[in-house]
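Handing you a structure now.
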Amino acid sequence: MLKSKFKLVLAEKEIKGKELAEMMGVSPTVVSGWVSGRSFPTTTTLFTIAHKLNVKVDDLYEYVPDEETAE
């Protein structure tokens, strides 16, 4: 499972979700979904976000194994 770290990155960069939405040309609702983990950007969009925020893709999401699949 992927855990969103958008909230942390946006706070560190002092950027509001609405500002990211404007930067990406999407609605604030879309960004809210990314921040909450309810939805995920496409791979291309994810790399664009990372580039615009000057972070690595790994900074935006963390992989957390499901208990069922964890070894």
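The values are calculated or read from the model by the stated rules, or taken from the named source; none is laboratory data. Predicted model, so just to flag it, every value in this text is computed and none were measured. Note: ideal-geometry Cβ built from the backbone for every residue, glycine included; neighbour counts use all protein chains shown. Accessible surface is based on the protein model in full, side chains and every heavy atom, while ligands, DNA and RNA are left aside. Shrake-Rupley method; radii C 1.70, N 1.55, O 1.52, S 1.80 Å.
Six or more apart or on different chains, Cβ atoms under 9 Å: show the pairs whose first residue is in region 1-20 and over 14 Å from LYS52 (Cα atoms) and whose second is assigned to a helix (DSSP H, G or I) and open to solvent by 80 Å² or more (accessible area, probe 1.4 Å).
Pairs found: LYS5/ASP58.
Continuing with the same structure: Quick check: anything in region 24-40 charged (D, E, K, R) and not in a loop (DSSP other than H, G, I, E, B)?
Applying the first criterion (charged (D, E, K, R)) to region 24-40 yields 38.
After this cut, where a residue has to be not in a loop (DSSP other than H, G, I, E, B) as well, the list is none.
The answer is no; no qualifying residue exists.
May I pose another question? Please find, among SER4, SER32, SER27, the residue that is of a type in the set (Gly, Ala, Ser), modelled with pLDDT under 95 and open to solvent by less than 100 Å² (accessible area, probe 1.4 Å). Before the answer, list the steps.
On the way: SER32 fails: modelled with pLDDT under 95; SER27 fails: modelled with pLDDT under 95.
On inspection, the qualifying residue turns out to be SER4.
Before we move on, is LEU46 loosely packed, with under 15 Cβ neighbours inside 10 Å, within 10 Å of the chain's Cα centre (by Cα) and part of a helix (DSSP H, G or I)?
no
(1) open to solvent by less than 90 Å² (accessible area, probe 1.4 Å); (2) in a helix (DSSP H, G or I); (3) more than 21 Å from MET1 (Cβ to Cβ); (4) out of contact with any Pro (no Cβ under 9 Å at 6 or more places or on another chain): which one isn't true of ILE15, the others all being true?
Failed condition: (2).
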